[in-house]
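Below is one structure, written out as structure tokens; the observations come after it.
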């Protein structure tokens, strides 16, 4: 049954005529009649009957109109509950992030939103292929995702809020032959062994761009998604890897140095993804603004 039709039935019972109902709703009497006829088709017994020149409720119509009052009360209560939830600054907000973003921002986010009256955070690490990030917005309020600068934008049904544009550098051991150079070019790296990510993950297409620029496939030795594992591998051997400049920099004393590519600038966009309706919630807006402030303060 349609809630609007039930309300019209109730109005007919209380106002006594189609004309009075039509005036109260600022519509024509025929429009009210059509809605009541549609409601009648959903039940097996007559809801209205003619009494002189007016249309009146039958016993079944009166029973349904009485139920419509209860339904209106329940709907009003539900609407108020939703309104309180949307406006509640302390409501729970779930956030997922790929590994290096979680490492960079989860701690500062928790510290920044630790006071009474702040949202309650529930944090998850989800490192997936670039195309799989938008679907996570169905499971989490906010999704911190990354995509390469030259890749397709996020789909239109998802709201994307920028956090940072992050350059990608070449990570190498401080003992590497190029470690003292201020920057490197693609030609310098043609014979190097590389660490790549697993198939489908964002940095894979960045390595493909290097290969296209070089005019030959790269020599991929290892496939490692987690940057700190990749850094340990780089430090232990002669392999090199693409690494983000800010969200997962090598630790001090790690034995790793980062070198920008001067002839093929590479970067990734780190964004917050969410369903559009999520931003109607005060708690979600507070988390978004805090994340954006932390990203700016990190000067990424």
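We did not get these values from a lab; they are worked out from the coordinates using the rules stated. Predicted, not measured: the structure shown is a model, and the values here were computed from it. Cβ atoms come from the backbone with ideal geometry, glycine included; neighbour counts cover every protein chain shown.
Results, tabulated for the structure shown:
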read-out: Helix 3-15 axis, angle to the chain major axis (alpha carbon atoms, nearest 10°); value: 30
read-out: Within the range 215-245: backbone nitrogen closer than 14 Å to the residue 199 label point (7 Å, Cα to C-beta); value: 223
read-out: Cα-projected label distance for residue 63 with residue 209, points at 7 Å along beta-carbon direction, nm; value: 7.0
read-out: Most mobile listed residue (272, 195, 229) in the chain, GNM with C-alpha springs under 10 Å; value: 229
read-out: Rg ratio (alpha-carbon, reference 2.2 N^0.38 Å) - the range 3-86; value: 1.18
read-out: Ranked list, fewest to most other Cβ atoms within 10 Å of each Cβ, for 84, 126; value: 84, 126
read-out: Convex hull volume of the range 251-300 per residue (C-alpha atoms, cubic angstrom); value: 124
read-out: Choice from 68, 145, 135 showing the highest fluctuation, given a GNM over the chain with Cα pairs closer than 10 Å; value: 68
read-out: Relative compactness, the chain, computed as alpha-carbon Rg over 2.2 N^0.38 Å; value: 1.58
read-out: Residues 15, 115, 177 arranged by fewest to most Cβ contacts within 10 Å; value: 115, 177, 15
read-out: Choice from 219, 54, 157 with maximal GNM fluctuation in the chain (Cα, 10 Å cutoff); value: 54
read-out: Point-to-point label distance, residue 17-residue 267, nm (Cα→Cβ direction, 7 Å offset); value: 7.1
read-out: Relative contact order for the chain, counting Cα pairs under 8 Å that sit 6 or more residues apart, in percent; value: 23
read-out: Proxy reagent accessibility, fewest Cβ within 10 Å first, across 275, 165, 10; value: 165, 275, 10
read-out: 0 to 90° range, to nearest 10: angle between helix 203-214 axis and the chain longest Cα axis; value: 50
read-out: Degrees between helix 227-236 axis and first principal axis of the chain (Cα, 0 to 90, nearest 10); value: 10
